[in-house]
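The values are calculated or read from the model by the stated rules, or taken from the named source; none is laboratory data. Predicted, not measured: the structure shown is a model, and the values here were computed from it. Glycine gets a Cβ as well: all are built from the backbone with ideal geometry, and neighbour counts include every protein chain shown. The accessibility values were calculated without ligands, DNA or RNA, using every heavy atom of the protein model including side chains. Shrake-Rupley method; radii C 1.70, N 1.55, O 1.52, S 1.80 Å.
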Amino acid sequence: MAPRRKKIYEGKAKILFEGPEPGTLVQYFKDDATAFNAQKKDVIEGKGVLNNRLSEFFMNGLTNVGVPTHFIKRLNMREQLIRQVEVVPLEVIVRNFAAGSMAKRLGLEEGTPLPRPIVEYSYKNDELGDPLVPEEYIIAFGWANQQDLDDILALALRVNDFLAGVFYGVGIKLIDFKIEIGRVWEGDFMRLIVADEISPDSCRLWDMKTGAHLDKDVFRRDLGSLTDAYSEVAKRLGVLPEQGTPEKPTLIN
Ligand code: TMP
Ligand code: ASP
């Protein structure tokens with residue numbers, strides 16, 4: 001039985017608990033799936049287990065190529081130990097091909113290649129539905145300064161190069177994805193690192209041959225089984241969790 005820990009924050013897909021040491025947190029992956037700012041909801045058994053594994057895989061990979069992240073280690077099937085960060089209130093979206101809101105806004109066919117990777121920012125605010133914001137707003141409202149934005153852009157593009165390559169190797173096209181960025185202090189020195197999660201919940205992934213969707217669009221657009229899609233991604237990357245019943249939450253507060 002895991003020790004009871006204090007709940008710090010509960011979001012739509014994850015819960016954060018106090019960590020074992022100062023400056024750490026435990027990130028718990030729920031099975032809840034939401035879309036369109038939680039207007040559509042369901043519980044997809046096993047999703048949390050898959051995303052915990054997949055996020056571990058990507059965060060470890062990023063660490064190995066020198067991109068700093070909040071990930072410390074996976075604790076069990078649904079939990080990972082992470083560094084506590086101050087979250088920059090932005091969703092950083094990187095697009096390689098037009099899809100989703102960009103395709104709609106510009107009247108582009110989904111899958112149209114973009115002339116170069118495009119990075120855009122949404123203000124993280126559920127009540128407002130995470131509106132797209134220009135850099136001008138980000139700086140004027142003090143969510144990040146110009147130096148932070150330069151660093152965030154560089155981080156986002158490094159993550160894109162890494163992820164696009166990893167997915168290419170297993171026959172998957174990385175259409176777009178979203179990351180979140182956190183601040184950590186080392187003495188007087190502030191650093192920006194990749195936080196939150198990287199999983200098929202926050203990417204668009206198309207099978208290179210068939211174009212099949214292997215991401216949360218399966219849930220958003222009712223295209224079939226979400227666990228089958230995520231399991232396929234995990235299987236191709238060699239990170240399928242052990243067989244067995246996914247753990248039920250043990251850290252109830
Ligand atoms: P969009 O085309 O709907 O703007 O989404 C762009 C990418 O960001 C896509 O990979 C899905 C991801 N995303 C999230 O992770 N969270 C969100 O709340 C939204 C709207 C998109
Ligand atoms: N994450 C958002 C929600 O929970 C939107 C999405 O991913 O489509 O509603």
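Figures for the structure shown
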quantity: Accessible surface of residue 25 - all protein chains present, 1.4 Å probe, nearest 10 Å²; calculated: 10
quantity: Computed [θ] at 222 nm, helices only, for the chain once each DSSP H run of length n ≥ 4 contributes -39500 (n - 2.57); calculated: -8500 deg cm²/dmol
quantity: Of 103, 33, 234, the one that fluctuates the most in a GNM where the chain has Cα springs shorter than 10 Å; calculated: 103
quantity: Residue 147 paired with residue 39, simple spin-label distance in nm, labels 7 Å along Cα-to-beta-carbon; calculated: 4.2
quantity: Computed FRET value (nearest 0.05) for residue 208 with residue 101, which takes r as the C-beta separation and R₀ as 22 Å; calculated: 0.40
quantity: Heavy-atom accessible area order for 180, 56, largest first, 1.4 Å probe; calculated: 56, 180
quantity: Most mobile listed residue (78, 53, 221) in the chain, GNM with C-alpha springs under 10 Å; calculated: 221
quantity: From phi via Karplus (6.51, -1.76, 1.60), per-residue ³J(HN,Hα) for the stretch 35-41 in Hz, x at Gly/Pro; calculated: 8, 6, 6, 6, 6, 10, 9
quantity: With DNA, RNA and ligands ignored, accessible area of residue 75 (1.4 Å probe; Å², nearest 10); calculated: 70
quantity: Protein-only accessible surface order, largest first, of 177, 57, 189 at 1.4 Å; calculated: 189, 57, 177
quantity: Alpha-carbon centroids, the stretch 10-77 and the stretch 80-125: separation in whole Å; calculated: 19
quantity: Whole-Hz ³J(HN,Hα) from phi, Karplus 6.51 cos²θ - 1.76 cosθ + 1.60, for the stretch 220-234, glycine and proline x; calculated: 4, 10, 6, 9, x, 8, 5, 5, 4, 5, 5, 5, 4, 4, 4
quantity: Distant-in-sequence amide H partners of residue 69 (H built 1.01 Å from N, under 5 Å); calculated: 194
quantity: Candidates 146, 84, 39: whichever shows maximal mean-square fluctuation once the chain is modelled as a Gaussian network with Cα springs under 10 Å; calculated: 39
